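Asks: My structure is below; once you've seen it, I'll send some questions.
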Amino acid sequence: MKLQDKFSRIIDYMRISITDRCNLRCVYCMPGTGIMPIEHREILSYEEIVRVVKVAAALGVRKIRITGGEPLARKNVAYLIASLRNITGIEDMSLTTNGVLLEKYAKELADAGLNRVNISLDSLMPERYREMTRGGEISPVMKGIEAAEKAGLLPVKINMVPIRGLNDDEIEEFAGLTLNTPYHVRFIEFMPIGAGDLWSDKRYISTDEIKTRVEKIGALSPVRLRRDGPARYYRLEKAPGVIGFISALTHHFCDDCNRLRITADGKLRPCLFSETEIDLKPALRTTPPPPDKEIERLLRLSIEVKPEGHNIHQLKDSASLRAMSRIGG
Ligand code: SAM
Ligand code: SF4
């Protein structure tokens, strides 16, 4: 029987964080000193991830997104992609990355069966990019974007988090990229997760405001894409690319939420904004290994406790939540 929660939502999408480590330190995601890394032995092995996905696929999970931390900072990601791709039922595989190592791996990932990548890029200015990522260089990311396109990891999606006073003056320029490229440029509302002292109402910019700014460069027509997910898409006149808005805070996407997360240390997390987690590791690591039924039981349990939604007040108090790099953004 499929994974269906109490609110009749079918869960067919898993976001799997494969590491909590990262080669950048984005100011809105983690402290400059980084986050105490999870010990290696606590991180799920690729074999453990594959085992869980096999059980999940038999229960109707069709889409997998690999994330982190920075997923490409972990070795042999292509091996994991190929192993997951071979699982009966898995139809769509994507990966979220900061793009720093993408030039090196794009072709290998595509050959392994990856369908698409989302690349996080919060500034087009080298100096600002360096500041926002605390030391990152933009040119490898731009080369990574080109390599993804060349490797057929399409459509290339670029995710930008506008933050007032930091990079919001670049909203129009990011939107303008869709006039000359087929990219999907998506604006993600700044969330109070892992953002520490940077988070404040003043820094936060709502989707409505972002959209109004984009409309300064041209009228937007709504577009329906095959897999919209939580984004709402629009197109500027004659643009080959599209513009997406992902508004975790203002426009609830909970009603259609079809996802379940696995953290790098093996916790099933039914909602990004809820601290409820169910640990898979004890079941995966007992000897002799328990039957698939036990993993199925835990998957079903996590769906049972999946909350109907979150509310903005709860969110604004949640600055101490695990950082996004730990949950798997
Ligand atoms: N390292 C990869 C990357 O940056 O794409 C994958 C992990 S990262 C945690 C996933 C996404 O979470 C990125 O697009 C990042 O911009 C987003 N993110 C992290 N902290 C955020 C916050 N406080 N508000 C909104 N988005 C955030
Ligand atoms: Fe690393 Fe991604 Fe977080 Fe930036 S947003 S610090 S790249 S995990």
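Asks: In terms of solvent-accessible area of protein heavy atoms at a 1.4 angstrom probe, what is the ranking of Arg65, Arg128, highest value first? Could you put the intermediate results ahead of the total?
Replies: Working: Arg65 15, Arg128 45 Å².
Final ranking, largest accessible area leading: Arg128, Arg65.
Asks: Which of the aspartates and glutamates could a cross-linker span from Lys63 if the Cα-Cα distance has to be under 16 Å and same-chain partners fewer than 8 positions apart are dropped?
Replies: Asp12, Glu91, Asp92, Asp228, Asp256
Asks: In degrees between 0 and 90, to the nearest 10, how far off the longest principal axis of the chain does helix 138-150 point, with axes built from Cα atoms?
Replies: Result, in degrees: 70.
Asks: Then there's this: How about the stretch 99-151: which GluC sites (Glu not before Pro) there are in a DSSP loop, with at most 14 other Cβ atoms within 10 Å of their Cβ? Working shown, then result.
Replies: Numbers: sites: Glu103, Glu108, Glu127, Glu131, Glu137, Glu146, Glu149; in loops: Glu137.
Of the GluC sites (Glu not before Pro), the ones in loops of the stretch 99-151 whose Cβ has at most 14 other Cβ atoms within 10 Å are Glu137.
Asks: How big, in percent, is the set of alpha carbon pairs in the stretch 13-327 lying more than 28 Å apart? Spell out each step's value before the answer.
Replies: Numbers: 18900 of 49455 pairs.
Value for the stretch 13-327: 38 percent of Cα pairs lie more than 28 Å apart.
Asks: Further, regarding this structure: To the nearest 10 square angstrom, what accessible area does Leu114 show with a 1.4 Å probe?
Replies: It works out to around 10 Å².
Asks: Given 25 °C and 0.890 mPa s, how large is the Stokes-Einstein diffusion coefficient of the stretch 171-306 in µm²/s, with Rh as the Kirkwood radius over Cα pairs?
Replies: On the way: Rh = 17.7 Å.
Reported coefficient: 139 µm²/s.
Asks: Hey, what angle do you get for helix 171-180 against the long axis of the chain, alpha-carbon based, 0 to 90 degrees rounded to 10?
Replies: 90 degrees
Asks: Still on this model: So what's the projected area for the stretch 134-231, the Cα convex hull averaged over all directions, in nm²?
Replies: Details: hull surface 30.8 nm².
If you wrap the Cα atoms of the stretch 134-231 in a convex hull and average its projections, you get 7.7 nm².
Asks: According to the Kirkwood expression over distinct Cα-Cα pairs, how big is the hydrodynamic radius of the stretch 23-141, in Å? Spell out each step's value before the answer.
Replies: Numbers: mean 1/r = 0.0642 Å⁻¹.
Taking every pair of different Cα atoms in the stretch 23-141, averaging 1/r and inverting gives 15.6 Å.
Asks: When the Kirkwood radius is taken over all Cα pairs of the stretch 5-84, what Stokes-Einstein diffusion coefficient follows at 25 °C and 0.890 mPa s, in µm²/s?
Replies: In µm²/s, the coefficient rounds to 172.
Asks: Another one. Can you compute the helix-only [θ] at 222 nm over the chain? Use -39500 (n - 2.57) per DSSP H run of at least 4 residues, normalise by all residues, nearest 500 deg cm²/dmol. List each step's numbers first, then the result.
Replies: Values: 11 runs with 99 residues, N = 329.
Helices in the chain give a 222 nm mean residue ellipticity of -8500 deg cm²/dmol.
Asks: If the limit is 29 Å between Cα atoms, which of Lys107/Lys293; Lys54/Lys143; Lys216/Lys306; Lys2/Lys104; Lys202/Lys267; Lys150/Lys238 go over it? Don't jump to the answer; show the numbers that get you there.
Replies: Details: Lys107/Lys293 37 Å; Lys54/Lys143 34 Å; Lys216/Lys306 39 Å; Lys2/Lys104 38 Å; Lys202/Lys267 33 Å; Lys150/Lys238 23 Å.
Correct reply: Lys107/Lys293; Lys54/Lys143; Lys216/Lys306; Lys2/Lys104; Lys202/Lys267.
Asks: Same structure again: Nearest 10 degrees is fine. How inclined is helix 292-304 to the longest principal axis of the chain, computing both from alpha carbons?
Replies: 50 degrees
The values are calculated or read from the model by the stated rules, or taken from the named source; none is laboratory data. Since the structure is predicted, the reported quantities are computational estimates derived from the model, not experimental observations. For neighbour counting, all protein chains shown are included, and Cβ atoms are generated from backbone atoms with ideal geometry for every residue, glycine included. Note: accessible area is taken over every heavy atom of the protein model, side chains too, but ligands, DNA and RNA are not part of it. Shrake-Rupley method; radii C 1.70, N 1.55, O 1.52, S 1.80 Å.
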